[in-house]
Amino acid sequence: MNEHVMGQEAKQIQDDVLKAAVPFQAAWRKAFFDLPLGLFSETIRFAGQRLQAQGDFIASLRTCRTVPEVMDAQSRFVRETVDEYGAETGKIMEDVRATMSKAA
């Protein structure tokens, strides 16, 4: 076989491999680029929200005049915190599902 024919066959094989890899490139991008960046940005956003809520809670304690008022404020803060973490977990799970289903 001459060198020119071998070069053409090698080029054809290379082209076939690259064409076959296109769907995997999209999946790779979703799994290793879009998903981590999306999760990171959502995590930072939520952390900022939680820090703000913590600051608001501490500021609200200044208005409490009795121990029962402090306990009520603390209880309300904990309930809201648990609810927000639950909602955030659901949101992250949905974001992961949506991102990865686009890759399929």
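The values are calculated or read from the model by the stated rules, or taken from the named source; none is laboratory data. None of these values were measured; they are calculated from a predicted model. As a convention, Cβ positions derive from the backbone with ideal geometry for all residues, glycine included, and neighbour counts pool all protein chains shown. Calculation scope for accessible area: heavy atoms of the full protein, side chains included, ligands and nucleic acids excluded. Shrake-Rupley method; radii C 1.70, N 1.55, O 1.52, S 1.80 Å.
Numbers below:
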{"item": "Pair list, Cβ under 8 Å, 6 or more apart: the stretch 79-104 residue in contact (Cβ under 8 Å) with a residue 40 or more places away in the chain, other residue part of a helix (DSSP H, G or I) and open to solvent by 80 Å² or more (accessible area, probe 1.4 Å)", "result": "A103/R29"}
{"item": "In the stretch 30-64, the residues that are within 19 Å of F77 (Cα to Cα) and touching a residue at least 12 places away in the same chain (Cβ under 8 Å)", "result": "F46, Q49, R50, A53, F57, S60, L61"}
{"item": "Yes/no for R45 being more than 25 Å from the chain's Cα centre (by Cα), modelled with pLDDT of 95 or more, in a helix (DSSP H, G or I) and charged (D, E, K, R)", "result": "no"}
{"item": "Yes/no for R50 being touching an Asp or Glu at 6+ places or on another chain (Cβ under 9 Å) and basic (K, R)", "result": "yes"}
